[in-house]
Structures are given as C-alpha cells and as structure tokens.
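> Dumping the structure here so I can ask a few things about it.
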Amino acid sequence: MALLEVEGLTIGIGRFTPVQEIGFSLDRGAVLGLVGESGSGKSLTAMALMGLLPLIRGEVRAGSIVFDGVELANRPAELHRRLRGRRIALVTQNPMTSLDPIRTVGTQIDEVSRLHGGLDGRAAKARSLDLMEAMRIPRAAVVHGQYPHQLSGGMKQRIVIAMALAGDPDLLVADEPTTALDVTVQAQIVRLMVDLVKARGLALVLITHDMGVVAQACDRVVVLYAGRIAEAGPVESIFAAPHHPYTRALIGCIPVEGQARGTLIGIPGQVPGLTDYPAHCRFAPRCPAASARCRAEAPAPATIGASRVACFHPLGRGA
Amino acid sequence: MLGYFVRRLIMLLPVFLAMSAIVFLIVHLVPGDPIDHMLQIGASAERRQELAAKFGLDRPLVVQYALWLKAALTGDLGEAIILKQPVVDLILANLPYSLALGLSALLFSTVVGVSVGAAAAYFAGSWFDRVVMAGILMGSMLPSFWLGLLMILIFAVELGLFPVSGARSWDALVLPVLTVGIGGVALIARVTRAAFVEVAQQDFVTLLHAKGLTRRRIFFRHLVRHALMPVVTILGLKVGWILGGAVTVEYVFARPGLGSLLITSLGQRDYPVVQGCLLMLGMGVMLGTLVGDLAQAAMDPRVRDRMS
C-alpha cells in the first residue's frame, strides 16, 4: 500500500473551490511532482497535506487523504499537529521569510529534535550539526549560531530542509523549494533533496512550476491546471509523449541547449481567476486545439497509455 | 554595540542644542512676560525698564539664550523670577512626585496593556476580543481630567477607599496612577494586539506550525518576542509622558510634580522655571528614545548588525 493516497481532494475557501478532485499516490523512496502555474492549486494541496488549511480559512470539502493507512481529511487539528514535523514535514517556498529572523538558525533546527525526538539541548545541537553537514553546509558549527539575515538564500533553504529532516519524517512536502533561489543554486538543492529521498527512504511531494525541475527529480508527475488535474503519469512518458496540450506547452517552456534563438515558447493568456473558472474545460480559452465541445463541457480524466488525461482532444491520438 | 552607543550619544548633541533653542524661543515668543505679574497696575515705564534690566530681559534674545545655555550646561538653570528660588531646587523638589506617578503608571499600563492585548490577539475575532477592544477604545477616548474627577467621586468620596488628593501617603498614588494608566493601557493593548496579529501572518509562522508546535507555544514562546518590539519603541517615546504628561492629572489630584510646577509657572510667565521644566522633559524624551533604540537592538539581531 502506498504511503500517501489522495483521492478526489476538493478544497474550499469561503464560497470558492480552488482545488477540485485531485488524486495521486506516492510510495516511500519516490518523488511526485505537482506542476502548474500560480493559481493552479499546488500550494493549497500542500497545505491540505500538512493539515494547515485552517490557517488560511480553507477546508477539505470532499475526498480523502490517507497517510500510512490513516485518514487525514477533516480530522481533528490535534491529529494533524502530532503528525506535523514528526511524520510529515514541510519545506516552504521562500527561505528569505521562512525562518524566524530573531532566532539563530541553529536553535530553530534544534527545536524540532527537542520537540519530536525528546533530545536535550546538547544532543539536539549535535543532531542539527549532523543534518547541516548532510545538507553540505560548510562550517556548520559557525552557521548554527548565525541569524537568517546573515546567510545566503541557498544556505537558508538548506537550513529549512535540515529543519524538516530533524523530526525524521516519512513524507516531505516541498512547496516550490527552489523558486526563490539563484539558478545555479536551484539544481544543487534539487539534487540534494532527491539524494535524501533515496538515501533515507522518504517520500517527496515536490511542488514546482518548472518542468526542468520535474525532469531532473521526479518519478511521477501530476500536472494541475486551474485547480484540476490536466494530466498525470510517469515522468518518462509525460516528457516523451505529453497528451494534454497544456502539458506539452509547459514542456515547451523549458529552454533547451542548442535551441535556435527566438524559439522559446510561452503559453499565451493566463490562468483564470477563482471567480471566473469556466464550467467547461478550464484550459479551453488558451488551448490551440480547443473545439466547440471544449467550450461546452468539462472533460473527465481518461487513461491513455501510462497516463491519465483530462482532454477531449489528447495529443498523439490523432485528435 | 558599544560603538553604536557612543555614536548615538554624539548624535544627541545637535538634537539637544536644537531642542534647547526651541524651548527658549517658545517661552520668550509667547505674549506677556513675568514683569507684568510683578508690576502693580499703573506702574511707570521706568520701573518696568528697571525690573527688565534686573533679570536681563532687556538684552537681545540671542544673548539671553547663550547665557542661559551656558549656565544650564553647568547645571545652573537660573533663579525663578516669581518663586524666587533656584530653578534646579524647584525641579528636584517636584521630580520625585512626577517620577513616582509616571513610573507606576508606566508599569501599570505596560503589564495590563500587554496582557490584555495579548489575550485579545490570542482569541482574535472572538466575542472576547471584540468586547475587550471595544472597552479599550472607550478607555482611550476618556479625557484624563474627567476620568480623574470620576475616580475621586467614586473611590474617594463615595467609597472612601483612597485619599481625595495630595501626596502624603502611598495610597494617594493609586487613583492618579489608574487615571494616567488607563490611557496607557488602551494604547499599549492596541499596539500589542496589532503586533501579534501582524507577526502571526508572516511566512515563518506557517513553518512553526509545520514543525508541529502547539498554537499556544507558537504564540507565547515565538510570537511574543516579535510583538513586544513595537511596544518597547512606544515605551521609549512615552518617557516624556512619564515626567510631565500627567499635567492635568497632577492638577486634578492637587499633587506636586513637574506638571503642576510647569502649569503654575506658565501662567506667571516665570521664564527660567518654564525653560527648566521643558528642558527636563525634552531630555527625558531624548533619553527614552535612546533607551528604546538600545532595547530594540538587544531584541533584534538585524538591528544589531545594521549598526556595526
């Protein structure tokens, strides 16, 4: 049985339903990519996994989140709190603002193993230093006593990851962990996280808008568009033969070495706002292949090869 | 840190000079002068000249200012024209009463204000929060002279719990402290609540939750240090208020103090006393700001690093 099984997950905030019927499963030692533009519902899904939706006045309206055999959707806050940090850990998007600016980064890592591992101050510090070294932080003993503003973005993100690992979790949820970093640092951090997953038998939900990161790190991919799944499948088949026009467009956004100047393609238009989600296929307004049917009804996901695709005119099927 | 402290002290010099000049000018530019109070109606112009010369009031303002400042720097604030005592003695005699009232009121408003504000923030959005903050708003609107009279009426006259006025025993301090303090409680509670609510929205708080900390622990161990920073800044600015802001309250309760001294001397245009009092208050504000900044640096490593 998979470590994490999400089915029909629907998230509501007030009268809006920004995430509808998302499902995926994830085994230990595997990396799942959750891909989409801003507003696609990636971060809300992460908050739902963490049980942190109440912080933003959100709630799970339907569906289930089964973690290690335990249903998490709409369970008491205390159940979530006991899992957080200890079994499910979060790496947030912006390392610049994710750390408490007035406490040393070391004490912020120590805190986790003191809380969950019951370690005393000295043991917690020793453990933090080990984790920092595993995160390839040079001069860990010095950095341990420094404040966030004294460190670079990449260093801070390493600290945040070390902090996530300190509770020895089974599942790591990383919400755009490299977006705020320099390009040169991005690849290092992704590599480091993938290595950790393999070495420690963690499961990783990697949220990103960067198909390049997906190609580098993930085993499976879920492509979200405007709160719904557009396409999901193993990373090889998604890249080799994308079936959803949106997936293909996303892949087209990755710059390729040797590509002729001016051939980098963007996706025209933008993700619809929460208030004006169309009742029909949500990608239709931006889709080059959209037909009258696409503007009339919403496609249900169907299996094509190894993938699930929600499209009336899937590519590579002679649509 | 020490270097910063010394630099801050040096920076205070021009501020002090400007402040003293403004104090001096304000006092002298207000219509009327102490001679008016000393002369009998119908006194001759010669008599007026004579008195003005005696107190040096016939010399150019710049000269008067220079002489006053020079003496002030050596700790001599001159002789009161009407009260006929050294100004320094008058201030020293009144200062302890002002300090007792001001410091007690400050302590009271800080302890109560921070507790109330923190409780309101912890239960933000609940009926408790709404009731408390409505009460706070009312409290901040009450004029202190009116509140003082009300206190006297209820607690001194009707219930007989505390003395009506004066400063002869410690319990005479209770009503004035409450009167001054309630406005402070309102201010500090509002600042505290706002600070808590603001810091609770920052990204790092999400991560604190993600670590599995309880809400109570996040609030009382982590957020509290952030929320107290603006409170400390406010307290630093309130030092002037400690020394002389309770003017009307001293008056209502017929307490001695810098405020009472200042009011009396203003009415009589007793220049040296007014100048001396204002100078003390100005220095109090300067000192308070300095202490507030240093406390800020002690609490926030980012501020510390920006200094060095």
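> Over the Cα atoms, compute the radius of gyration (one decimal) and Dmax (the largest Cα-Cα distance, rounded to a whole number) for the protein assembly as shown, in Å.
34.5, 116
> I've got another one for you. Take a quick pass over the protein assembly as shown and tell me how many lysine pairs come in under 30 angstrom between Cα atoms, counting only ones 8 or more apart or on separate chains.
13
> Enumerate the calculated ³J(HN,Hα) couplings along the stretch A:239-255 in order (Karplus 6.51 cos²θ - 1.76 cosθ + 1.60, θ = phi - 60°), each rounded to whole Hz, writing x wherever the residue is Gly or Pro.
Values, residue by residue: 6, 5, 9, x, 9, 8, x, 5, 4, 5, 4, 4, 5, x, 7, 7, x Hz.
> Right, here's the next one. For the stretch B:103-168, divide the Cα radius of gyration by the Kirkwood radius and give the resulting Rg/Rh value with two decimals. Let's see the in-between values first.
Details: Rg = 15.1 Å, Rh = 13.9 Å.
Here the Rg-to-Rh quotient is 1.08.
> In degrees between 0 and 90, to the nearest 10, how far off the longest principal axis of chain A does helix A:105-116 point, with axes built from Cα atoms?
The angle comes out at about 90 degrees.
> Roughly how crowded by other chains is peptide B:217-224, in terms of the mean Cβ count from those chains within 10 Å of each of its Cβ atoms?
1
> Quick check: pseudo-label points 7 Å beyond the Cα along Cα→Cβ at B:Ala254 and B:Arg7, how many nm apart are they?
5.4 nm
> Enumerate the calculated ³J(HN,Hα) couplings along the stretch A:90-101 in order (Karplus 6.51 cos²θ - 1.76 cosθ + 1.60, θ = phi - 60°), each rounded to whole Hz, writing x wherever the residue is Gly or Pro.
10, 10, 8, 5, 10, x, 5, 10, 7, 9, 5, x
> Same structure, new question: Can you give the Rg to Rh ratio of the stretch A:98-168, both from alpha-carbon atoms, with Rh computed by the Kirkwood formula?
Values: Rg = 10.6 Å, Rh = 11.5 Å.
Rg/Rh: 0.92.
> At B:Glu198 and A:Ile254, where each label point lies 7 Å from the Cα along Cα→Cβ, what is the point-to-point distance in nanometres?
Placing both labels 7 Å beyond Cα along the Cβ direction yields 4.4 nm.
> Then there's this: For the pair A:Glu71 and A:Leu274, what calculated FRET efficiency results from E = 1/(1 + (r/R0)^6), where r is the Cβ-Cβ distance and R0 = 25 Å, to the nearest 0.05?
0.35
> Moving on to the next point. For chain A, what is the mean residue ellipticity at 222 nm derived from helices alone (per DSSP H run of n ≥ 4: -39500 (n - 2.57); sum divided by total residues; nearest 500 deg cm²/dmol)? Mind showing how you got there, number by number?
Values: 11 runs with 103 residues, N = 319.
Per the formula, -9500 deg cm²/dmol.
> Whose amide H sits under 5 Å from the amide H of A:Ala30, counting only residues 5 or more places off or on another chain, with H placed in the peptide plane?
Here A:Leu204 satisfy the definition.
> Given a Förster distance of 22 Å, report the FRET efficiency between B:Leu69 and B:Val291 from their Cβ-Cβ distance, rounded to the nearest 0.05. Kindly include the intermediate steps, with their values, before the conclusion.
Working: r = 25 Å, r/R0 = 1.12.
Taking R0 as 22 Å, the efficiency between B:Leu69 and B:Val291 is 0.35.
> I'd like the Karplus ³J(HN,Hα) series for the stretch B:123-139: coefficients 6.51, -1.76, 1.60, θ = phi - 60°, whole numbers in Hz, and an x wherever there's a Gly or Pro.
9, 3, x, 7, 5, 4, 4, 5, 4, 4, 5, 5, x, 4, 4, 4, x
> Would you please give the residues with an amide H less than 5 Å from that of A:Ala62, counting only those at least 5 places away or on a separate chain, with H modeled from the backbone geometry?
A:Thr10
> For A:Leu224, which sequence-distant residues (separation of 5 or more, or a different chain) have an amide H within less than 5 Å of its own amide H, given hydrogens modelled in the peptide plane?
HN-HN under 5 Å from A:Leu224: A:Val35, A:Gly36, A:Ala230.
> Between B:Ala52 and B:Leu237, what's the calculated FRET efficiency when r is the beta-carbon distance and R0 is 60 Å? Round to 0.05.
On the way: r = 39 Å, r/R0 = 0.65.
For R0 = 60 Å, the calculated efficiency reads 0.95.
> Using a 10 Å cut-off on Cβ atoms, rank the peptides A:144-153, B:250-259 from the highest mean neighbour count down.
The peptides rank, most packed first, as B:250-259, A:144-153.
> Binning at 10 Å from 0, report for chain B what percent of all alpha-carbon pair distances ends up in each bin.
Answer for chain B: a P(r) of 6, 21, 25, 23, 15, 7, 2, 1, 0 percent.
> Moving on. Modelling each spin label as a point 7 Å along the Cα-to-Cβ direction, I'd like the A:Ala292/A:Ser25 distance in nm, to one decimal.
The two pseudo-label positions are separated by 4.1 nm.
> Would you work out which of B:His209, B:Val114, B:Thr248 lies farthest towards the positive end of the dipole of the stretch B:87-307? Charges go on Cβ: Lys and Arg +1, Asp and Glu -1.
Farthest along the dipole direction, towards plus: B:His209.
> What ranking do A:122-128, A:310-316 get when scored by the average of other Cβ atoms within 10 Å per residue, highest first? List each step's numbers first, then the result.
Numbers: A:122-128: 18.1, A:310-316: 20.4.
Final packing ranking: A:310-316, A:122-128.
> Dipole magnitude of the stretch B:72-203 about its Cα centre, charges +1 at Lys/Arg Cβ and -1 at Asp/Glu Cβ only, in debye to the nearest 20? Present the calculation step by step, with values, prior to reporting the outcome.
Details: 5 positive and 8 negative charges, 49 e Å.
With only Lys, Arg, Asp and Glu charged at Cβ, the dipole is about 240 debye.
> Which whole number gives the average, over all residues in B:198-205, of C-beta atoms from other chains lying within 10 Å of the residue C-beta? Before the final figure, lay out the partial values.
On the way: counts 0, 1, 1, 1, 4, 8, 13, 4.
Going residue by residue through B:198-205 and averaging, the value is 4.
> While we're looking at this one, here's another question. If each residue of separation counts as 0.36 nm, what is the full-extension length gain between B:Trp146 and B:Ala93 once their alpha-carbon separation is subtracted? List each step's numbers first, then the result.
Values: separation 53, 0.36 × 53 = 19.08 nm, distance 2.74 nm.
The B:Trp146-B:Ala93 span can extend by a further 16.3 nm.
> If each residue's Cβ is checked for other Cβ atoms within 10 Å, how do A:Ile229, B:Ile10, B:Ile91 rank with the fewest at the top? Walk me through the numbers before you get to the answer.
Details: A:Ile229 23, B:Ile10 9, B:Ile91 19.
Least to most surrounded, the residues fall as B:Ile10, B:Ile91, A:Ile229.
> Gain in length, B:Val111 to B:Arg306, computed as 0.36 nm per residue apart minus the alpha-carbon separation, to one decimal in nm? Could you put the intermediate results ahead of the total?
Values: separation 195, 0.36 × 195 = 70.20 nm, distance 3.03 nm.
Roughly 67.2 nm would be gained on extension.
> Moving to a separate point now. Divide by every residue of chain B the summed helix terms, -39500 (n - 2.57) for each DSSP H run of at least 4, and state the resulting mean residue ellipticity at 222 nm, rounded to the nearest 500 deg cm²/dmol.
Values: 14 runs with 216 residues, N = 308.
After summing the helix terms and dividing by the residues of chain B, the value is -23000 deg cm²/dmol.
> Diagonalise the Cα gyration tensor of the stretch A:54-188 and give the resulting equivalent ellipsoid semi-axes, square root of 5 times each eigenvalue, largest first, whole Å. List each step's numbers first, then the result.
Working: eigenvalues 147, 69, 33 Å².
Each semi-axis is the square root of five times an eigenvalue, giving 27, 19, 13 Å.
> Just counting partner chain Cβ atoms within 10 Å, what average do the residues of peptide A:78-91 show around their Cβ? Before the final figure, lay out each step's value.
Numbers: counts 1, 0, 2, 6, 1, 1, 5, 7, 2, 1, 2, 4, 5, 2.
Per residue, the number of nearby Cβ atoms from other chains is 3 on average.
> Mind ordering B:209-217, B:19-27, B:38-46, A:95-103 by average Cβ neighbours within 10 Å, highest first? Write out the running numbers ahead of the final one.
Values: B:209-217: 19.0, B:19-27: 17.0, B:38-46: 9.2, A:95-103: 20.6.
The most tightly packed comes first, giving A:95-103, B:209-217, B:19-27, B:38-46.
> Say the dipole of the protein assembly as shown comes from +1 at the beta carbon of Lys and Arg and -1 at that of Asp and Glu; which of A:Cys287, B:Leu278, A:Val112 then lies farthest toward its positive end?
A:Cys287
Read-outs throughout are calculated quantities, based only on the coordinates presented, and are distinct from any laboratory measurement. In this text, all values refer to a predicted model and were calculated from it rather than measured experimentally. Because the Cβ atoms are built from the backbone with ideal geometry, glycine has one as well, and the counts that use them run over all protein chains shown.
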